[in-house]
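A quick write-up on the structure given underneath.
The values are calculated or read from the model by the stated rules, or taken from the named source; none is laboratory data. Source: prediction; values computed, not measured. Every residue, glycine among them, receives a Cβ derived from its backbone with ideal geometry; neighbour counts consider all protein chains shown.
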Amino acid sequence: MTAASDVPATDVPATDVPPPRSVHAAVADRADRAPGDLALVQGEERIDYRTLTSAARALAGRLTAWGVRPGDIVPLLLPRGAQLIALQLGVLMSGAAYATLDPRWPASRLAAILAQLDDPVVVGRPGGEPLGVTRTLAPGPLAALAAGAPAEPFAPLPAAPDDLATVFFTSGSTGVPKGVLIPHRAVTRMFGPGGLDGFGPGHTTAQVAPGAWDMYAFELWGQLTTGGTCVVVEENHLMPGRLRALVAEEGVDTLWLTTSLFNLIVDEDPDAFEGLGTLYVGGEKQSPRHVARFLERFPDLPVWNGFGPAENCMLTTVHRMRPADTTVPTGIPVGLPVPGTTVLLLREDGTPAPRGERGEIVALGPGVALGYLNNETLTRERFPTLELDGERRRALRTGDLGLLDEDGVLHYHGRRDRQVKLSGNRIELGDIEAAAAALPEIRTCAAVARTDAGGTVEHIALVYTLAEGAELTARDVRRRLTGTLPAYAVPGRFEQLDELPRRDNGKVDLPALERRPR
């Protein structure tokens, strides 16, 4: 245990924190209060809270009949949409937790994830099921599911705030995806009285994030647990024209965008943001040039820089970006903790880093995950117990470096390890290297992130050498990695060398590879 009583910390007073609650209880409460309010929109399908919760109860009964029990983890291999949302809610009502997987992932990745679970019930689509699907759910409107519910509706099982709600699988340095165990409290902690702006009755969010990503929960449960509306965007990316239509036709006023997508819209059609009420941007380092251009066009539209790893679910800090932030030498700040969260900084030796000194960012509070699935060693390493002001508290060592200025505002200074963010996805470079090293033709390899002048990752390059006598083109490497890595983690560049550069200690000279001419 580390004593951290003298660590400079920044937090939000407990009186301003939304109350702890389970996800499905919060949604059911909104359905009881205003059953006819609009909960979901997908295409022509418009679903009120009564229909959503009735469909979820019907699915919970079906899941229970299939053998799902409280405490189980239920993998879901359905595309994003209203039916997936009702199924996720049904899993929670049955007392279990869901893990949303992408049916488009390589079979080897899906197999590696399912192998970590204990013979689970796996729900997918009928016909041509992905590997491991044991039960199927045909597409159909939620109104039909709700209408076909038994006369005696399923009674949702209660869940404590600390009970497991969902599992996010992220890249692992060994090539095996890591399961991050997220409790109910971590999902609901930012939304409701005293929570983030832009959520609740009268607010509408576009749901665009991949279902396997923690910001999917931000877009979805942020509104459904507080009485707002969520519009499912069937496209994988939100282009400017689509954003304009969502604001004009569906009343979308609250939006989350990855930094890359925000930058694209600022470059191509900044007027597409017209009509929004609150904008959250993050997942990558902010571009001061793009933020400055946005603020010049929309000086009164709140745009927030959001920061945080999946292990402290969704967001850890937020910062309303202002024109003065675009000239800060170290980059735009990532701000102050979200409600209920405490942030502190630790030196390499675990001692407190005072304000003005760089240290590892450590998060405490209800957003902290329960740990990693089936990995007690890594859980102990990343989730230590600290003593803060005489109280023992569980923390997350993020692996991110930061600095607290004199006002307690957090500034981000990169990673301690080799994780990077690209297009909002957290990628472990060691995961790519492990996949490439498994190819028998490759002798040595290194994955490096190439950045622009502002420090934003532009692409990932795989630099490699071939075994003697081996023949393998860059196109062959890309094709074979596409069969083992998720699409977002497949490198954008492939560079074959005779030898990788080495430092004096014999290790690969990664900075030299990062600086190689494009």
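Quick look at the numbers
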quantity	calculated
Single unsatisfied condition, residue 64 versus (1) among the β-branched types (Val, Ile, Thr); (2) out of contact with any helix residue (DSSP H, G or I) (no Cβ under 6 Å at 6 or more places or on another chain); (3) closer than 18 Å to residue 21 by Cβ	(3)
Pairs where the first residue, in region 494-518, is at pLDDT below 80 and part of a strand (DSSP E or B) and the second is surrounded by 10 or more Cβ atoms within 10 Å (Cβ to Cβ) and of a type in the set (Asp, Glu), C-beta under 7 Å, 6+ apart	502/509
Residue among 410, 378 that alone is surrounded by 16 or more Cβ atoms within 10 Å (Cβ to Cβ) and outside the structural domain of residue 485 (by TED's automatic domain parsing)	410
In region 390-417, the residues that are among the charged types (D, E, K, R) and either part of a strand (DSSP E or B) or within 17 Å of residue 169 (Cα to Cα) (or both)	391, 392, 393, 394, 397, 400, 415
Residue under evaluation residue 364, criteria (1) closer than 25 Å to residue 168 by Cα; (2) surrounded by fewer than 17 Cβ atoms within 10 Å (Cβ to Cβ); (3) not aromatic (Phe, Trp, Tyr), criterion not met	(2)
Region 433-457 - residue that is assigned to a loop (DSSP other than H, G, I, E, B) and over 22 Å from residue 475 (Cβ atoms) and, of those, nearest to the chain's Cα centre (by Cα)	456
Condition met for residue 206 (surrounded by fewer than 22 Cβ atoms within 10 Å (Cβ to Cβ) and farther than 15 Å from residue 311 by Cβ)	no
Considering residues of region 322-355 that are among the β-branched types (Val, Ile, Thr), closer than 13 Å to residue 403 by Cβ and surrounded by fewer than 18 Cβ atoms within 10 Å (Cβ to Cβ) only, the residue modelled with the lowest pLDDT	330
Residue check for residue 387: out of contact with any helix residue (DSSP H, G or I) (no Cβ under 6 Å at 6 or more places or on another chain), modelled with pLDDT under 90, of a type in the set (Asp, Glu) and assigned to a loop (DSSP other than H, G, I, E, B)	no
Qualifying positions in region 300-312 - assigned to a loop (DSSP other than H, G, I, E, B) and either among the hydroxyl-bearing types (Ser, Thr, Tyr) or at pLDDT 95 or above (or both)	300, 301, 302, 311
Breaking point among (1) on the phi < 0 side of the Ramachandran plot; (2) surrounded by 16 or more Cβ atoms within 10 Å (Cβ to Cβ); (3) out of contact with any strand residue (DSSP E or B) (no Cβ under 8 Å at 6 or more places or on another chain), for residue 227	(1)
Output for region 135-147, where each listed residue is closer than 15 Å to residue 87 by Cα and outside any strand (DSSP E or B)	137, 138, 139, 140, 141, 142, 143, 144, 145, 146
Qualifying positions in region 306-321 - aliphatic (A, V, I, L, M), within 19 Å of the chain's Cα centre (by Cα) and surrounded by 20 or more Cβ atoms within 10 Å (Cβ to Cβ)	314, 315, 318
Tally, over region 341-377, of residues that are part of a loop (DSSP other than H, G, I, E, B) and over 15 Å from residue 311 (Cβ atoms)	12
Within region 2-39, tally of residues that are more than 30 Å from residue 380 (Cβ to Cβ) and either of a type in the set (A, V, I, L, M, F, W, C) or at pLDDT below 80 (or both)	11
Test: residue in region 380-392 that is in contact with a Lys or Arg (Cβ under 9 Å, 6 or more places away or on another chain) and of a type in the set (Gly, Ala, Ser)	no
Only one of 469, 483 that is exposed (fewer than 13 other Cβ atoms within 10 Å of the Cβ), over 22 Å from residue 287 (Cα atoms) and under 26 Å from the mean Cα position of the chain (by Cα)	483
Condition check for residue 138: hydrophobic (A, V, I, L, M, F, W, C) and either free of Cβ contacts under 8 Å to residues at least 12 places away in the same chain or surrounded by fewer than 13 Cβ atoms within 10 Å (Cβ to Cβ) (or both)	yes
Positions within region 438-453 being at pLDDT below 80 and either among the acidic types (Asp, Glu) or surrounded by 14 or more Cβ atoms within 10 Å (Cβ to Cβ) (or both), in sequence order	452
